[in-house]
1. Filter the stretch 57-98 down to the residues that are assigned to a strand (DSSP E or B) and among the charged types (D, E, K, R) and list them by number.
2. What about residue 138, is it in contact with a helix residue (DSSP H, G or I) (Cβ under 8 Å, 6 or more places away or on another chain) and touching a residue at least 24 places away in the same chain (Cβ under 8 Å)?
3. Specify which of the listed residues (85, 89, 56) is modelled with pLDDT under 95, of a type in the set (Phe, Trp, Tyr) and closer than 18 Å to residue 194 by Cα.
4. Anything in the stretch 115-173 that is part of a loop (DSSP other than H, G, I, E, B), touching a Leu at 6+ places or on another chain (Cβ under 9 Å) and either at pLDDT 95 or above or closer than 14 Å to residue 205 by Cα (or both)? List them, or say none.
5. Which count do you get for residues in the stretch 81-104 that are surrounded by fewer than 16 Cβ atoms within 10 Å (Cβ to Cβ) and within 20 Å of the chain's Cα centre (by Cα)?
6. Among the residues of the stretch 33-56, write down those that are more than 27 Å from residue 122 (Cα to Cα) and either touching a helix residue (DSSP H, G or I) at 6+ places or on another chain (Cβ under 7 Å) or part of a strand (DSSP E or B) (or both).
7. Could you tell me whether residue 109 is closer than 26 Å to residue 223 by Cα, in contact with a strand residue (DSSP E or B) (Cβ under 7 Å, 6 or more places away or on another chain) and part of a loop (DSSP other than H, G, I, E, B)?
8. What tally of residues in the stretch 113-171 results from selecting those that are polar (S, T, N, Q) and touching a Gly at 6+ places or on another chain (Cβ under 7 Å)?
Amino acid sequence: MPPLTQTVRCLPLLGVLLAAPAHATLVLGNGDSINLAQLMASNDRSFIVNDKLFRFESFSSSQSDASLYNVVGFVSLNPNQFGQFNVGFDLIGPFGDGSPGDGVVHDLNLQYEVSVLPEFYARGVRLCDARLTFNGSAGADGSFTRVDETIFDLDANQFLGNMAVYDIFGPPRQTLYSTGLDFCEIFGTDGYRAFEVNKDMKFFAATANDFATASFIRQEFSQIPAPGAVALLGAAGLVARRRRA
């Protein structure tokens with residue numbers, strides 16, 4: 001298993017709520033969790049982490065139930081030079097091929113939206129890149145674990161890119177535990193308001209004595225201020241001093 005850069009805490013749901021009680025949106029702090037089945041059964045299937053709103057549109061699995069998994073809020077420990085934190089969530093649970101050797105790939109799919117909350121978007125906060133990390137492991141020839149992801153600009157309905165992490169036993173063995181794309185750099189833009197993300201998770205154990213598993217899949221997004229927005233962010237107390245090298 002690869003080393004994790006940060007210990008993940010699955011704490012009890014804190015139940016912090018915003019807005020009117022009838023349509024309150026759950027707020028997850030760093031390490032706070034909610035069961036995935038509970039989230040999918042809620043009215044809006046949404047939660048807030050820091051300055052981001054996540055809305056889970058659909059979840060499906062060929063072999064397992066959503067109740068086996070938890071969604072855990074993630075906020076990076078340190079901000080960038082603009083005072084902006086990486087924000088996202090972890091999926092925690094017993095991912096894997098539950099019937100090794102049957103010749104069937106265990107597939108899970110999650111489709112969701114991530115957007116900058118309106119008050120922060122008005123101050124100039126923009127999504128810029130996406131990062132995907134997991135701890136998947138496969139145990140014999142022909143076995144694999146992988147997460148593939150497709151990302152769109154939600155407002156323009158424009159394809160932005162694909163990402164993948166994997167442990168493919170081979171031969172030859174191929175492993176990539178973490179990857180990312182900077183869409184601001186790729187497309188020369190000043191950032192985005194919202195992304196549409198389709199995440200496909202696959203696990204295949206080739207033989208009955210084999211395994212293909214993971215317990216941790218992290219999604220995180222970094223952000224920048226749009227040009228001219230640094231003053232607005234500073235007025236809101238969101239700009240940190242640039243660190244010296």
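The values are calculated or read from the model by the stated rules, or taken from the named source; none is laboratory data. Keep in mind the model is a prediction, meaning the values are calculated, not measured. Every residue, glycine as well, gets a Cβ built from its backbone with ideal geometry; the counts of neighbours run over all protein chains shown.
1. The first filter runs over the stretch 57-98 and keeps only residues assigned to a strand (DSSP E or B), leaving 57-61, 70-75, 87-96.
Correct list: 57, 90.
2. no
3. Working: 89 fails: modelled with pLDDT under 95; 56 fails: modelled with pLDDT under 95.
On inspection, the qualifying residue turns out to be 85.
4. 117, 135
5. 1
6. Selection gives 33, 34, 35, 36, 37, 40.
7. When the stated conditions are applied, residue 109 does not pass them.
8. Residues that pass the stated criteria total 1.
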